[in-house]
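Comments concern the structure below.
The values are calculated or read from the model by the stated rules, or taken from the named source; none is laboratory data. Not measured: the values here are computed from a predicted model. For neighbour counting, all protein chains shown are included, and Cβ atoms are generated from backbone atoms with ideal geometry for every residue, glycine included. Quick note on the areas: whole protein, heavy atoms, side chains included, nothing else; ligands and nucleic acids left out. Shrake-Rupley method; radii C 1.70, N 1.55, O 1.52, S 1.80 Å.
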Amino acid sequence: GLEEIARNRLGQLARRLGEPLEQVQEAAERIRRLNPKPGSAYSQERPPSYIVPDVVVTSFGDRYNVLLCEFGYPQVRLSQSYLQMAKESTDQEVVDYIGNKARQVEWIQKCIESRNRTLLAISKAIVKRQERFFRYGPRYLNVLRMRDVAEMVELHESTVSRAVRDKYLQCSHGVYPLRYFFVKGVEREDGQDASSHDIKNRIRELVEGEDRSEPLSDQKLAGLLAQAGISISRRTVAKYREELQIPKSADRVDR
């Protein structure tokens with residue numbers, strides 16, 4: 001069929017299909033307007049880049065090792081040939097210039113070492129506070145605020161925020177942005193914190209167990225959560241429900 005369209009043998013194609021020539025011509029025009037390589041619209045000139053984790057967490061029984069992936073970072077060094085030039089040169093301007101650059105490189109190296117120590121300390125604090133996640137998986141994230149980690153590592157909250165920006169952690173459950181482990185919570189009536197992940201799981205369980213002839217509205221879900229000691233607004237319930245990709249109650253009715 002396509003070969004006949006390419007050769008414009010539409011009459012022959014119409015006879016073979018037993019269809020009117022006008023319909024075959026119309027179909028051929030539509031086919032000619034299509035892109036034969038639709039994936040080319042989404043192609044990239046550069047090959048896809050892959051996330052290289054900054055931190056790797058491995059478990060040995062009840063213990064966790066937290067390691068920095070320093071091999072993925074560019075190395076900053078001062079060429080030995082320039083250092084040798086500074087030793088052998090009698091030109092004071094050359095000596096001063098190379099000495100100044102050597103101090104700049106040393107300063108950058110110290111900054112990188114400080115940054116690595118900070119990232120490692122924050123990662124260890126995250127692993128300590130989110131131990132349930134690393135043991136059982138994503139459904140078991142605890143409430144964790146950035147200021148909590150800042151207090152643990154004795155740094156300012158803004159420093160923690162900058163340190164985890166665009167950084168990734170790899171563990172047995174996959175690769176996650178470090179910001180993923182900071183979870184907002186809602187205070188329960190018993191004084192304990194309930195994470196957004198816990199609340200979403202409760203919403204999912206309530207919807208899965210509902211009577212589909214009378215599905216639970218967002219207001220009813222908020223009421224059932226309140227009975228469990230979690231007081232959140234109907235609007236927040238709707239937000240979490242949408243993030244779970246659960247339709248509205250009107251769209252969950254079995255008709």
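A few notes on this one:
- Yes/no for GLU210 being more than 31 Å from the chain's Cα centre (by Cα), of a type in the set (Asp, Glu), farther than 21 Å from LEU144 by Cβ and open to solvent by less than 70 Å² (accessible area, probe 1.4 Å): yes
- For region 1-24, the set of residues classified as part of a helix (DSSP H, G or I), modelled with pLDDT under 80, open to solvent by 80 Å² or more (accessible area, probe 1.4 Å) and of a type outside the set (Asp, Glu) consists of LEU2, ALA6, listed by residue number.
- Single unsatisfied condition, LYS184 versus (1) modelled with pLDDT under 80; (2) over 24 Å from ASP148 (Cα atoms): (2)
- Residue ID - most open to solvent (accessible area, probe 1.4 Å), chosen from residues in region 215-242 that are in contact (Cβ under 8 Å) with a residue 24 or more places away in the chain and outside any helix (DSSP H, G or I): SER231
- Of all residues in region 75-131, those satisfying the criterion of being open to solvent by less than 70 Å² (accessible area, probe 1.4 Å) and small (Gly, Ala, Ser) are SER79, ALA86, SER89, GLY99, ALA102, SER114, ALA121, SER123, ALA125.
- Number of positions in region 50-67 that are open to solvent by 30 Å² or more (accessible area, probe 1.4 Å), within 16 Å of GLN130 (Cβ to Cβ) and among the β-branched types (Val, Ile, Thr): 2
- Candidate set: region 132-143, residues that are within 17 Å of the chain's Cα centre (by Cα) and farther than 18 Å from PHE60 by Cα; chosen: the one most open to solvent (accessible area, probe 1.4 Å): ARG139
- Cβ separations smaller than 6 Å between residues 6+ apart or across chains give the following pairs from region 122-142 residues that are modelled with pLDDT under 85 to residues that are of a type in the set (A, V, I, L, M) and outside any helix (DSSP H, G or I): LEU141/VAL183.
- For region 136-158, the set of residues classified as in a loop (DSSP other than H, G, I, E, B) and among the small types (Gly, Ala, Ser) consists of GLY137 only.
- Subset of region 68-93 (residues that are among the acidic types (Asp, Glu) and in a loop (DSSP other than H, G, I, E, B)): ASP91
- Some residue of region 169-177 being in a helix (DSSP H, G or I), modelled with pLDDT of 90 or more and crowded, with 19+ Cβ neighbours inside 10 Å: no
- Residue in region 168-177 that is of a type in the set (A, V, I, L, M), touching a Leu at 6+ places or on another chain (Cβ under 8 Å) and within 12 Å of VAL55 (Cβ to Cβ) present: yes
- Subset tally (residues that are in contact (Cβ under 8 Å) with a residue 24 or more places away in the chain and either loosely packed, with under 14 Cβ neighbours inside 10 Å or of a type in the set (Gly, Ala, Ser) (or both)) for region 144-158: 0
- Criterion: at pLDDT below 80 and in a helix (DSSP H, G or I) - qualifying residue of ALA41, ALA27: ALA41
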